[in-house]
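Here is the structure we will look at.
FYI, it's all coordinate maths here, none of it is from the lab. These figures come from a predicted structure and were not determined experimentally. In this analysis, Cβ positions are derived from the backbone assuming ideal geometry, glycine residues included, and neighbour counts consider all displayed protein chains.
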Amino acid sequence: MARRKREDDGFGSSRQIKSPAAKVFNVVNIIFLLILGLICLYPFWYEICISFSSNAAVNAKRVYFYPVEFSMEAFKYVLERRPFWKSLGYTVLRVCLTLPISMVVMCLAAYPLSKNNLVFRARTFYVWFFFLTMLFNGGMIPTYLLVTGLGLKNTIWALVLPTTVNVFNMLLLLSFFRNVPDGLEDAARIDGAGHFRTLFQIFVPISKPVLATVALFTLVNNWNAWFDGMIYMQSDKYPLQTYLRTIIFNFDFQSLTLEERVRLAQMNQKSLKAAQMVIGAIPILMVYPFLQKYFVSGITLGSVKG
Amino acid sequence: MKKSSKKNGLKQFKRNLPLHIMLLPAVALVLIFAYIPMYGLVIAFQNFNAAKGIFSNQKWIGFGNFTYIFTLPSIWNVFRNTLIIAVLKIIFGTLAAIATALLLNECSVKTVKKSVQTMVYFPHFISWIILAGVFTDILSPTDGVVNSFLGLFGVKPIYFLGDNRYFRGTLVITDIWKSFGYSSIVYLATITGIDPSLYEAAAIDGAGRWKQMWHITLPGMSTIIILLTILSMGNVLNAGFDQVFNLYSAAVYDTGDIIDTMVYRLGLQGAKFGPSTAVGLLKSIISLILISSAYLIAWKKFDYKVF
């Protein structure tokens, strides 16, 4: 009895008086939710099954719920392809550049913006400066022409610099910084620490949850970005998602050698694509547990704040 | 008097100099990559020559580009598609998220609740590139899982991604599939924040679960629902470029071509920079009006502040 009570989720036991109708509802609800969850996962599971099944099984449409005639051929083929590794390299490079630059720049900016208007009078100006970019933007063509005009085209910086400052993520940092107790800051000030030291020795260490949230969001955004790679980079410098796009939509034939084409003809297109999609999603799968730990607080803060 | 206040201002600037320096990198990047493109919208009024670049003298042609884009037969269709797709996504996406939050909240088995949450949040984090690959597979009319399933009930194969009758619906449903779980997070958090004593009082008054949901949970969520719906007004011209671009084909331009995809084809594929920027400018201006009014209403009525 005591144990059951502890399992009630905060609404008090008076809510748990169960009529038969309530019991039926409970069961139906649980089944419905589980179906919902499976609908969200099944498409991914299906691709995993396809990627691990043999050509014959895929061609005969025998693969629905589990891999049939287990085979790693598709993965072997993909992992031997140089363009695949190259594109993976570009994605890793962009993540390694964007993540630290972006975090430092945004922390530096969020700190002054978290100050009181009375302490930092120019704050109002800066706030409007950033806020206006949330209301109005130049759009696709002027941005493209600017990046081209700056000579960034076909360099990794075309993928890094335009996305470095994300106002939404900056807002997350800002709201967190604002809640740092004044006492801590005053103590640092009395010890003679300037603004930079206060930020990096007081604010940053106690803001780990929000830093993790923003870092993970940045990571996922950069991993998943494809459009900038497509318009700014030449095909031999495509980042992974852009490269995957060419594979998924079959634009890749020109880059194949004759030998590769012969081998490709023997492979099932479907399982090849599936294998690459699976590989493309693996990093997300790996960070997902950490993501889940943090994004709930992030999104709750974020959707009420922009 | 005036002089001393000026001196004061200078003194304050000096004292706050480190704060200004801290803002400098972000301000510089935003200035370059957000404000210069805003200025770049003047291309809409130019006969733009790409060889000369964005910073040089171009030939001004007034509203020539605008008259040109309105002679395009597809332009009204594109605006209509954008509106329809975006509004359907907002309405049904919101409803699905609220319903999911309510059902998750009613779920009494914690492990089920947790694992379902893990499952439904996941698709949000996968790119539309991979999802486009997944959906072309499972929605395929020849060997797609969905059509095989429908076939069990005698339904003839449907070409979801290539048939104008189904394309918009497919866009809306796949988008909701990707985002309903993630969008439900904020509603679920709101429900958790409702004062438990309200439920206890209601239970003592004999209100069952259904009545509690109707009279306590939903009213408790109403503010956030209204607020988020108002804010989503700013998105009615964003029908989802990433999704549409990776799922559409020439066969479904009639129902699926949206402003952003049109700007891409016109400008970056067709190199018609002037006209495509004109379309973009129209979108930016309408969005500006919508987003500003959304924020203004949210601020006046709900004391909502972005910064």
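The mean count of C-beta atoms from other chains within 10 Å of the C-beta of residues in A:45-51, rounded to a whole number, is 2. Normalised by the number of residues in the stretch B:21-88, what is the relative contact order in percent for Cα pairs under 8 Å and 6+ residues apart? For the stretch B:21-88, the relative contact order is 21 percent. Span-like helix criteria (full DSSP H runs; alpha carbon extent of at least 24 Å along the helix axis; mean Kyte-Doolittle hydropathy of at least 0.0) are satisfied in chain B by B:75-106, B:167-192, B:273-302. Highest average first, the peptides B:123-132, A:42-51 ordered by how many other beta carbon atoms sit within 10 Å of their residues are B:123-132, A:42-51. By the Cα gyration tensor, the stretch B:70-225 has an equivalent ellipsoid whose semi-axes, rounded to whole angstrom, run 37, 21, 15 from largest to smallest. How high is the relative contact order of chain B, given as a whole-number percent (alpha carbon pairs under 8 Å, six or more residues apart)? Worked out over chain B, it gives 25 percent. Exceedance of the 24 Å cut-off in Cα-Cα distance is limited, within the set A:86/A:273; A:23/B:110; A:76/A:237; A:76/A:293, to A:76/A:293. Averaged over the residues of peptide B:258-264, the number of Cβ atoms from other protein chains lying within 10 Å of each residue's Cβ is 2.
Comparing B:164, B:147, B:16, which has the greatest mean-square fluctuation in the GNM of chain B with Cα pairs linked when under 10 Å apart? Result for chain B, Cα springs under 10 Å: B:16 fluctuates most.
Taking other residues whose beta carbon is less than 14 angstrom from the beta carbon of residue A:191, and scoring Lys, Arg as +1 and Asp, Glu as -1, yields 0.
Simple spin-label estimate for residue B:110 and residue B:59 gives 7.3 nm between the two label positions (7 Å along the Cα-to-Cβ direction from each Cα). In a simple Cβ point-charge model (Lys, Arg +1; Asp, Glu -1; nothing else charged), the protein assembly as shown has a dipole of about 1580 debye relative to its Cα centre.
Rounded to whole numbers, the Karplus 3J(HN,Hα) couplings from phi for the stretch B:205-215 are 6, x, 7, x, 4, 4, 5, 4, 5, 5, 9 Hz, using 6.51 cos²θ - 1.76 cosθ + 1.60 with θ = phi - 60°, and x at Gly and Pro. Compared with the direct C-alpha span, the chain from residue B:142 to residue B:214 gains 21.4 nm at full extension, assuming 0.36 nm per residue. Scaling against 2.2 N^0.38 Å puts the C-alpha radius of gyration of chain B at 1.30. For the pair residue A:196 and residue B:164, a Förster radius of 51 Å applied to the C-beta separation gives a FRET efficiency near 0.30, rounded to the nearest 0.05. Protection proxy ranking, highest mean first, for peptides A:132-143, B:149-160: A:132-143, B:149-160, where packing is the per-residue count of other beta-carbon atoms within 10 Å, averaged.
Say R0 is 45 Å: what FRET efficiency, to the nearest 0.05, do residue B:70 and residue A:32 get from their beta-carbon distance? The computed FRET efficiency comes out at 0.40.
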